[in-house]
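First comes the structure, then the notes that go with it.
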Amino acid sequence: MSEQVDIRTLSKEGLQSLLASWGEPAYRATQVYDWIWAKGVHQFSDMRNLPKTLLTRMEAECIIHPVEVTHVQHSEDGTIKNAVKLPDGLIVESVLIPTEKRITACVSSQVGCSLNCAFCATARLKRMRNLAPDEIYDQVRAIHQQGLEHFGRPLTNIVFMGMGEPLMNYNNVLTAIEKITQPEGLGLSPKRITLSTVGLPKMIKKLADDGVKFNLAVSLHSARDSVRSKIMPINDAAPIAELRDSLDYWYKATKRRITFEYVVWKGINDAKEDIQALVGLCKRIPCKVNLIEYNAIGDPNFQQADPEVIEAYVEALTRIGVTAKVRHSRGKDIDAACGQLANKTSPEALESTDSEANLL
Ligand code: SAH
């Protein structure tokens with residue numbers, strides 16, 4: 001027998017032609033598609049309205065690769081962190097963040113990360129591979145279920161702020177988003193999805209060209225090349241002027257303001273020049289700024305800046321009409337906050353590489 005078809009890699013049309021080639025009527029493809037994506041089943045035998053003959057043939061010739069939530073941690077603030085085991089045994093983490101109005105899923109796009117941002121715990125994991133669209137989808141679905149189970153509310157928002165760089169896994173992330181937003185998926189509006197990137201100009205332009213409808217966030221942390229290059233090695237390949245041009249391009253194409261994510265550290269980006277540089281950039285790019293609390297990852301080079309400095313950032317940005325909000329982290333007690341996802345509960349998945357922290 002030839003190799004089994006991984007059924008979740010098929011588009012709707014692909015599924016239609018497969019089933020048509022088996023002599024099945026067109027509506028069967030609609031039913032199967034609905035079971036796979038809207039209902040999210042992982043077993044063909046759970047597809048209850050299909051004839052036995054079709055189920056038997058699918059079981060023989062097709063496969064669904066399920067992910068498994070192997071470890072769940074609950075924070076005292078309600079945040080839930082999942083360790084998600086992929087079909088090949090690798091592990092990623094995803095987080096449910098509950099607020100009064102929202103249930104937000106923070107999902108991973110890669111196993112590990114190759115960017116080596118000096119302040120991020122995920123950077124200590126070797127990048128192993130990209131996630132497939134169904135592996136991203138299943139993280140989201142699991143959180144949707146947990147929202148219903150623990151809070152009696154469905155998923156409302158998704159942020160691609162887990163492990164990995166989503167724009168280095170462009171096609172799979174976009175396919176996952178398509179499945180999440182389609183009516184036969186979770187039917188979530190793309191306006192409720194935010195993709196966060198380290199800032200890859202070519203890929204940001206591609207997003208704009210592809211007419212995506214979701215939101216874009218950029219992890220900036222400094223608007224000065226001399227500072228940003230020290231803490232985010234990617235800045236050498238994609239310096240701020242190039243990033244700025246790509247964001248200009250994005251705004252012209254989408255008319256959607258981007259969000260800058262920004263952590264302020266003592267002695268790194270807490271000087272007047274740092275504030276001025278950010279103000280300069282924000283004057284040119286329609287944006288808002290999230291000043292994220294730093295979540296310590298055990299490196300003494302990085303210390304949260306004094307509150308007065310953060311306040312000075314907020315004031316300077318507000319003065320030029322840019323919304324700047326201070327964001328406090330959730331789920332710190334279970335290492336679920338920004339930059340803390342490092343598979344700590346799954347030691348078998350830990351692959352230590354040299355931290356780049358001593359770049360400073
Ligand atoms: N690679 C993408 C997606 C990761 S999002 C990106 O860089 O945007 C994770 C966010 O948490 C990013 O904004 C990252 O810069 C931020 N972050 C990383 N380590 C952190 C830490 N220790 N404390 C607070 N934020 C951190």
Subject >> Cβ-Cβ under 9 Å pairs, at least 6 apart or on other chains, the range 93-104 side outside the structural domain of ILE193 (by TED's automatic domain parsing), far side surrounded by fewer than 20 Cβ atoms within 10 Å (Cβ to Cβ) >> reply: none
Subject >> Residue among LYS283, LYS191, LYS252 that is in the same structural domain as LEU317 (by TED's automatic domain parsing), outside any loop (DSSP other than H, G, I, E, B), over 28 Å from ARG141 (Cβ atoms) and out of contact with any helix residue (DSSP H, G or I) (no Cβ under 9 Å at 6 or more places or on another chain) >> reply: LYS283
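Residues are listed down the side, and each one gets a yes or a no for (1) within 16 Å of TYR137 (Cβ to Cβ); (2) polar (S, T, N, Q):
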site: GLU3; (1), (2): no, no
site: ILE7; (1), (2): yes, no
site: LYS12; (1), (2): yes, no
site: LEU18; (1), (2): no, no
site: ARG28; (1), (2): no, no
site: GLY40; (1), (2): yes, no
site: PHE44; (1), (2): no, no
site: THR53; (1), (2): no, yes
Original post:
LYS101 is checked against (1) of a type in the set (Lys, Arg); (2) away from the ligand (no atom under 13 Å from the Cβ); (3) in contact with a strand residue (DSSP E or B) (Cβ under 7 Å, 6 or more places away or on another chain) and fails just one. What number does that condition carry?
Top reply: (3)
**OP:** Evaluate the following for LYS52: is it in the same structural domain as CYS106 (by TED's automatic domain parsing), basic (Lys, Arg) and at pLDDT 95 or above?
**Re:** no
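May I ask you to say which residue of ALA208, ALA241, ALA217 is under 24 Å from ILE268 (Cβ atoms) and part of a helix (DSSP H, G or I)? Spell out how you get there, then give the answer.
Working: ALA208 fails: under 24 Å from ILE268 (Cβ atoms); ALA217 fails: part of a helix (DSSP H, G or I).
It is ALA241.
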**OP:** Could you run through the range 140-155 and say how many residues are touching a Leu at 6+ places or on another chain (Cβ under 8 Å) and either crowded, with 17+ Cβ neighbours inside 10 Å or of a type in the set (A, V, I, L, M, F, W, C) (or both)?
**Re:** 7
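Every residue in the range 24-43 that is assigned to a loop (DSSP other than H, G, I, E, B) and surrounded by 19 or more Cβ atoms within 10 Å (Cβ to Cβ), please. Explain how you work it out, then say what you get.
Going through the range 24-43, the residues assigned to a loop (DSSP other than H, G, I, E, B) turn out to be 24-25, 39-43.
Matches in the range 24-43: GLU24, GLY40.
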Subject >> Residues of the range 210-230 that turn out to be of a type in the set (S, T, N, Q) and either away from the ligand (no atom under 16 Å from the Cβ) or within 13 Å of TRP250 (Cβ to Cβ) (or both), as a count >> reply: 2
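Tally the residues that are within 16 Å of the chain's Cα centre (by Cα), in a loop (DSSP other than H, G, I, E, B) and at pLDDT 95 or above, restricting the search to the range 118-160.
Narrowing the range 118-160 to residues within 16 Å of the chain's Cα centre (by Cα): 120-123, 127, 129-144, 155-160.
In the following step, the residues that additionally are in a loop (DSSP other than H, G, I, E, B) were identified as 120, 127, 131-132, 155-156.
From the residues that got through so far, the ones that are at pLDDT 95 or above too are 131-132, 155-156.
Going through the range 118-160 one residue at a time, the tally reaches 4.
Which of the residues spanning the range 161-188 are part of a loop (DSSP other than H, G, I, E, B) and either small (Gly, Ala, Ser) or within 16 Å of the ligand (Cβ to nearest atom) (or both)? Before the answer, list the steps.
Residues of the range 161-188 part of a loop (DSSP other than H, G, I, E, B): 161-165, 182-188.
Answer for the range 161-188, where residues must be part of a loop (DSSP other than H, G, I, E, B) and either small (Gly, Ala, Ser) or within 16 Å of the ligand (Cβ to nearest atom) (or both): MET161, GLY162, MET163, GLY164, GLU165, GLY185, GLY187.
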Subject >> the range 108-128, subset within 7 Å of the ligand (Cβ to nearest atom) and farther than 19 Å from TRP265 by Cα, residue surrounded by the most Cβ atoms within 10 Å (Cβ to Cβ) >> reply: CYS113
**OP:** Among what's in the range 320-335 and is surrounded by 20 or more Cβ atoms within 10 Å (Cβ to Cβ) and farther than 23 Å from PRO98 by Cβ, pick the residue that is nearest to the ligand (Cβ to nearest atom).
**Re:** ALA324
Subject >> Total residues in the range 231-246, condition away from the ligand (no atom under 14 Å from the Cβ) and crowded, with 17+ Cβ neighbours inside 10 Å >> reply: 3
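The values are calculated or read from the model by the stated rules, or taken from the named source; none is laboratory data. If you're wondering where the values come from, they're calculated on a predicted model, not measured in any experiment. Quick reminder, even Gly has a Cβ in these numbers, built from the backbone with ideal geometry, and neighbours come from all protein chains shown.
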